[in-house]
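Colleague: Sharing a structure with you now.
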Amino acid sequence: MRRSTFITRTLGGAALLCAAVALSLVFVRYDAPAPRWDMVGALGAAALTAGAWALACRTAPPLGAAPSVAGELPPLPHRLPLPARDVGRATGTVLLVLTPLVLTRLAAGSGGVLSGLLIILVFVVTVKALLFARRRAGQAEARSKFRVLADDATRGELHAVRVRVGEPVRMRYLRRGGKPGELDVTQYHWLVLQDGGRAIRLSSAPEEVGRAVLRLGGQEGWLCWPQRWKLIEAELPAAFVSDGGEVLMGLTDPDEARPYLTGPRPPSSDRAVRRLPRTAKFAPPVHARILGGALLAALLVAPVLYIGPDRLPALLDWLLCVSAAATLVVLALRGLGEASRSLPEGLSWTVEEESDPSIA
């Protein structure tokens with residue numbers, strides 16, 4: 001894993017901005033004459049900045065371990081930072097979902113009623129796809145739990161225990177799939193925190209767990225829970241606060257946390273803490289497929305942009321745009337599928353596997 005830098009963030013944001021400009025020009029200047037050098041220029045700029053972003057991510061400085069802190073036992077903090085939202089990933093997902101609608105509008109040109117009905121149909125499908133992606137990626141329930149934890153910290157009402165950072169774990173849970181003979185695999189990731197001979201699992205996204213191990217492996221700190229834990233259903237929010245002041249938020253099993261949720265609370269103060277450092281997002285198994293699909297899609301629609309949809313044979317016009325949309329969607333889905341299987345670079349994971357009792 002490598003550090004996120006000003007250069008990687010700037011180039012990544014510029015690539016997304018150029019892609020957004022290229023897509024929006026189809027609607028903003030839908031009647032502009034061919035060749036569409038404005039769109040070609042925006043797509044070219046997106047390709048160049050995306051390539052530069054990938055290179056900058058691969059050459060960014062590695063994420064090193066945080067320095068150990070010796071001295072008096074630090075108090076619990078009054079301010080806990082909520083996990084950062086991944087704006088870049090959300091923006092990229094929205095652009096991917098919108099691309100088939102944009103290509104449909106491009107292929108339609110100045111077409112008649114049938115083209116208009118097709119645009120409306122694809123628009124409805126796009127809205128449903130955006131809502132589905134929002135539900136799948138939504139963290140509303142977890143963030144509401146983290147807010148309870150942060151509010152209790154502000155009032156100095158946290159339960160806590162001293163722990164040491166252990167290894168990262170991926171657990172593969174196998175269930176019966178939707179079709180005969182198929183398996184459904186769900187991946188869980190957690191950081192093992194040691195309290196003497198007892199282990200506590202702090203679950204979070206694999207990137208967060210990997211970051212915490214690289215930064216804080218072997219170090220000690222406080223694992224904190226809210227005072228209002230009885231008002232929270234299912235998994236309980238928790239925050240590991242290292243002695244150096246770096247914070248990882250995640251969820252814990254109530255049964256593992258319950259022994260620490262009684263008795264006196266440790267002292268707290270207005271101690272400054274912060275999130276773990278951000279890391280560069282480029283992952284070759286994931287982004288090479290997505291960027292490759294975007295490049296192939298741009299090449300497929302290049303004749304439409306140069307000649308114009310109204311001057312091309314209608315069948316060829318639609319064939320090029322539909323092929324571009326299909327290429328992008330298929331390769332993007334393969335990249336996202338690889339994201340669910342790959343693990344952050346730079347550390348070794350313990351992989352466990354469990355099965356539903358009905359198929360064990």
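Colleague: Got a number for carbon plus sulfur as a percent of the stretch 75-132's accessible area, 1.4 Å probe?
Modeller: Working: 2510 of 3230 Å².
That fraction is 78 percent.
Colleague: Find the Cα radius of gyration of the stretch 1-51, compare it with 2.2 N^0.38 Å by division, and give the number to two decimals.
Modeller: The value comes to 1.37.
Colleague: What is the projected area of the convex hull of the Cα atoms of the chain, averaged over all directions, in nm²?
Modeller: Working: hull surface 86.8 nm².
Mean projected area of the Cα convex hull: 21.7 nm².
Colleague: Can you list, largest first and rounded to whole Å, the semi-axes you get for the stretch 218-360 by taking the square root of 5 times each eigenvalue of its Cα gyration tensor?
Modeller: The equivalent ellipsoid of the stretch 218-360 has semi-axes of 50, 20, 16 Å.
Colleague: Of all trypsin sites (Lys or Arg not before Pro) in the stretch 19-62, which ones are in loop regions per DSSP and have a Cβ with at most 12 other Cβ atoms within 10 Å?
Modeller: Working: sites: ARG29, ARG36, ARG58; in loops: ARG29, ARG36.
Answer in residue order: ARG29.
Colleague: Can I ask one more? May I ask for the Kirkwood hydrodynamic radius of the stretch 58-115, worked out over all distinct Cα pairs and given in angstroms to one decimal?
Modeller: Hydrodynamic radius (Kirkwood, Cα only) of the stretch 58-115 equals 17.7 Å.
Colleague: Then there is this: Please give the Cα centre distance for the stretch 1-36 versus the stretch 213-257, rounded to the nearest Å.
Modeller: After rounding, the separation between the Cα centres reads 38 Å.
Colleague: Full-extension gain between ARG311 and ARG155, please, as 0.36 nm times their residue separation minus the C-alpha to C-alpha distance. Display every interim value, and only then the final one.
Modeller: Values: separation 156, 0.36 × 156 = 56.16 nm, distance 6.83 nm.
Full extension from ARG311 to ARG155 adds 49.3 nm.
Colleague: Before I look further, what does the stretch 163-239 give for accessible area per residue, probe 1.4 Å, in whole square angstrom?
Modeller: Accessible area per residue: 46 Å².
Colleague: Could you check which residue among SER144, SER242, SER204 shows the biggest mean-square fluctuation in a GNM of the chain with a 10 Å Cα cutoff?
Modeller: Per the Cα network of the chain with a 10 Å cutoff, SER144 tops the list.
Colleague: I've got another one for you. What share of all Cα pairs of the stretch 307-360, in percent, falls into each consecutive 5 Å distance bin?
Modeller: Going from the shortest bin to the longest, the percentages are 4, 13, 12, 11, 11, 11, 10, 7, 7, 5, 6, 4, 0.
Colleague: Pick from LEU231, LEU95, LEU223: which is most flexible by mean-square fluctuation in a GNM of the chain where alpha carbon atoms under 10 Å apart are linked?
Modeller: LEU231
Colleague: Just the number please: accessible area per residue for the stretch 262-360, 1.4 Å probe, all protein chains included, in Å².
Modeller: Here the per-residue accessible area is 59 Å².
Colleague: Largest first and in whole Å, what are the equivalent-ellipsoid semi-axes of the stretch 1-108 based on the Cα gyration tensor, each being the root of 5 times an eigenvalue?
Modeller: So the equivalent ellipsoid measures 41, 17, 9 Å along its semi-axes.
Colleague: Return one number: the angle in degrees, 0 to 90 and rounded to the nearest 10, between the long axis of the Cα atoms of helix 87-108 and the longest principal axis of the Cα atoms of the chain.
Modeller: Roughly 20 degrees, rounded to the nearest 10.
Colleague: Relative to the longest principal axis of the chain, what angle (0 to 90°, nearest 10) does the C-alpha long axis of helix 140-154 take?
Modeller: Value to nearest ten degrees: 40.
Colleague: Would you work out what percent of the accessible area of the stretch 133-292, with all protein chains in place, is carbon or sulfur (probe 1.4 Å)? Before the final figure, lay out the partial values.
Modeller: Values: 3810 of 7760 Å².
Summing carbon and sulfur atoms, their accessible area is 49 percent of the total for the stretch 133-292.
Colleague: In degrees from 0 to 90, rounded to the nearest 10, what is the angle of the helix 6-28 Cα long axis to the longest principal axis of the chain?
Modeller: That helix lies at roughly 40 degrees to the long axis.
Colleague: Let me ask something else. What does the charge count near LEU248 come to, summing +1 for each Lys or Arg and -1 for each Asp or Glu among other residues with Cβ under 14 Å from its Cβ?
Modeller: On the way: positive: ARG164, ARG201, ARG211, ARG215, ARG274, ARG275, ARG278; negative: GLU207, GLU208, GLU220, ASP243, GLU246.
Net charge in that neighbourhood comes out at +2.
Colleague: Take the alpha-carbon positions of the stretch 114-159, form their convex hull, and give its projected area averaged over all directions (one quarter of the hull surface) in nm².
Modeller: One quarter of the hull surface, i.e. the mean projection, equals 4.2 nm².
Colleague: With a cap of 14 neighbouring Cβ atoms within 10 Å, and only residues DSSP puts in a loop, list the GluC sites (Glu not before Pro) found in the stretch 322-360.
Modeller: Sparse-neighbourhood loop GluC sites (Glu not before Pro): GLU345.
Colleague: Sticking with this structure for a sec: Per DSSP H run of at least 4 residues, take -39500 (n - 2.57); add these up for the chain, divide by its residues and hand me the 222 nm value, nearest 500 deg cm²/dmol.
Modeller: About -16500 deg cm²/dmol.
Colleague: Something else about it: Could you tell me what fraction of 2.2 N^0.38 Å the Cα radius of gyration of the stretch 185-301 comes to, as a two-decimal ratio? Could the numbers behind the result be given before it?
Modeller: Numbers: Rg = 18.8 Å, N = 117, 2.2 N^0.38 = 13.4 Å.
For the stretch 185-301, the normalised Cα radius of gyration is 1.40.
Colleague: Looking at the chain as a GNM with Cα springs under 10 Å, which of GLU220, GLU182, GLU157 has the largest mean-square fluctuation?
Modeller: Among GLU220, GLU182, GLU157, the largest mean-square fluctuation in the Gaussian network model of the chain belongs to GLU182.
The values are calculated or read from the model by the stated rules, or taken from the named source; none is laboratory data. For clarity, every value in this text was computed on a predicted model and none was experimentally measured. Note that each Cβ is placed from the backbone with ideal geometry, even for glycine, and that neighbours are counted across all protein chains shown. Keep in mind that these areas ignore ligands, DNA and RNA; they rest on the heavy atoms of the full protein, side chains included. Shrake-Rupley method; radii C 1.70, N 1.55, O 1.52, S 1.80 Å.
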